[in-house]
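Every number in this text was worked out from the coordinates using simple rules, so none of it is lab data. Predicted model only: the values in this text are computed from it and were never measured. Cβ placement follows ideal geometry from the backbone for every residue including glycine, while neighbour counts extend to all protein chains displayed.
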Amino acid sequence: MNKSQVLDALTAVLSPYLGATMARASAQNQCQKLAIEGDQLTPAQVEALVGKLGSGLNVFVGREKAAAVVAEMKRAVGGS
Amino acid sequence: MRHFPALAGAAGLVVVAVFLPKALFPEAPLYRDWLTEAFFTRFGALSKLVFLAAALVFSHRAASSFDEANAARLPWRFLSVGLFAFLLGQSYLAFVQVVLGQPSPYPSPADAAFMMGYPFFVACFWLFIRAYREAGFPVGTAAQHVRIGSAAALGLAAIGVVALGPVLQASVPGLERALNLAYPVFDLLILVPVSILLRITFAFRGGRLWTIWAAILAGFISMGAGDILYAYFVTLGHGDLEPIVDALYTLAYVFLALGCARQYQLSR
């Protein structure tokens with residue numbers, strides 16, 4: 001999967017909660033933490049990235065809402 | 001419930017529209033003949049109670065919407081405990097003012113309730129900072145937060161020394177003097193973590209998380225300003241500040257209710 005498209009898709013889902021700037025920054029930040037390099041992401045890397053973002057969101061929105069956002073992120077990157 | 005944020009916003013505008021002109025034009029016929037002191041006493045007391053109760057209910061529900069293991073649950077719970085203590089204090093004051101028709105007593109049992117609430121507010125903000133820092137979002141480094149907190153502590157201490165000087169020197173009974181100092185000091189203790197939380201949550205501007213925290217932090221800033229003005233009002237006999245003090249307290253509770261309602265809407 002194309003990294004830029006994945007980040008765009010994740011940013012679009014997270015922006016209503018985190019704001020566009022933080023959504024983009026946090027997606028990029030998690031990529032660095034997961035040592036994701038290059039322009040392409042494997043499905044496992046996308047899964048790990050979405051999981052990391054979802055677990056961070058948990059403390060702000062609660063487990064159920066975070067799970068819903070994770071599902072939405074998965075749907076969004078499915079089309080990337 | 002869905003419309004509560006809009007309702008709270010409208011209520012905030014009404015509060016400003018009612019109290020601010022009274023502070024600016026106290027002798028206007030409107031305030032002399034129609035909106036009398038009795039009206040303001042009832043309006044102020046009841047609106048504070050309504051919005052404090054709303055803030056309490058929504059913060060309690062927000063806390064309950066997080067599971068036991070979630071690091072945000074305890075600070076939301078502490079916030080609701082602090083609000084409960086404040087609701088007890090305001091209920092006593094409303095009873096005296098509205099039911100007994102007497103002026104607000106000071107000091108009174110209400111102050112004991114308020115004093116019990118403050119430590120929970122201070123603790124909840126430090127717990128929020130810890131929880132939000134550990135969430136893994138880029139919200140600034142620990143060093144940045146220490147610098148912001150230190151700068152805020154120094155700035156607020158300077159403001160406190162200047163603002164509370166006259167309050168310290170006033171010849172009032174010991175308990176009253178202690179309370180006149182305790183309220184602003186607690187507010188300053190709250191505003192240090194609030195300044196760090198402003199840094200953290202400002203990073204979320206444009207999103208719903210920012211709208212929640214902007215309201216909650218605005219609530220505590222209004223409360224702090226109200227406490228400092230109240231200390232002046234009581235100690236130095238500035239009766240002209242009373243409408244502004246009432247407006248600041250009421251706005252504080254409106255903002256808190258708004259922020260807590262938004263959090264509950266987000267996390268339920």
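Rg/Rh for the protein assembly as shown (Cα atoms only, Rh after Kirkwood) is 1.05.
Checking the a/c ratio against 1.5 first, then a/b against b/c, what shape does the Cα gyration tensor give for the stretch B:156-198? In terms of gyration-tensor shape, oblate. The Rg/Rh ratio for chain A, using Cα coordinates for both the radius of gyration and the Kirkwood hydrodynamic radius, is 0.92.
For the protein assembly as shown, a simple Cβ point-charge model (Lys and Arg +1, Asp and Glu -1, everything else neutral) yields a dipole of about 960 debye relative to the Cα centre. For the stretch B:1-56 versus the stretch B:97-124, the inter-centroid distance based on Cα atoms is 20 Å. Averaging the Cα positions of each part gives two centres, and for the stretch B:147-197 and the stretch A:1-25 these lie 42 Å apart. Only one residue of B:Y230, B:A153, A:A44 has its Cα farthest out toward the positive end of the dipole of the protein assembly as shown, where Lys and Arg carry +1 and Asp and Glu -1 on Cβ, and that residue is A:A44. Think of the stretch B:1-60 as a dipole: +1 on every Lys or Arg Cβ, -1 on every Asp or Glu Cβ, centred on the Cα centre; then among B:F58, B:G12, B:F40, B:F58 lies furthest on the positive end.
Taking the Cα centre of chain A as reference, the dipole from Cβ charges on Lys and Arg (+1) and Asp and Glu (-1) amounts to some 180 debye.
Considering only B:R177, B:R133, B:R205, the Gaussian network model of chain B with Cα springs below 10 Å gives its largest mean-square fluctuation to B:R205. Per residue of B:95-104, other chain Cβ atoms within 10 Å of the residue Cβ number 0 on average. Computed from Cα positions, the angle between helix A:63-78 and the longest principal axis of chain A comes to roughly 30 degrees.
Of the residues B:A110, B:P75, B:S91, the one whose Cα sits farthest towards the positive end of the charge dipole of the stretch B:29-165 is B:P75 (charges of +1 on Lys and Arg Cβ, -1 on Asp and Glu Cβ, taken about the Cα centre). Placing +1 on the Cβ of every Lys and Arg and -1 on the Cβ of every Asp and Glu, with nothing else charged, gives the stretch B:34-184 a dipole about its Cα centre of roughly 220 debye. Computed over chain B, the percent of Cα pairs more than 36 Å apart is 14.
Per-residue ellipticity at 222 nm for chain B, helices alone: DSSP H runs ≥ 4 residues times -39500 (n - 2.57), over residue total, nearest 500 deg cm²/dmol? It lands at -28000 deg cm²/dmol. For a straight C-alpha distance cut-off of 30 angstrom, the lysines reachable from A:K74 (same-chain residues fewer than eight places away being disregarded) are A:K3, A:K33, A:K52, A:K65. Rg and Dmax, both from the Cα atoms of the stretch B:207-255 and both in Å, are 12.7, 44. The residues neighbouring A:V70, those whose beta-carbon lies less than 13 Å from its own, together hold a net charge of +2 under the Lys/Arg +1, Asp/Glu -1 convention. For the stretch B:54-193, the pair-distance distribution built from all alpha carbon pairs, in bins 10 Å wide starting at 0, is 11, 29, 33, 20, 7, 0 percent. Per the Debye calculation on the stretch B:30-137 with a single equal scatterer at every Cα and no solvent contribution, log₁₀ I(q)/I(0) for q = 0.11, 0.13, 0.14, 0.15 Å⁻¹ amounts to -0.46, -0.59, -0.65, -0.71.
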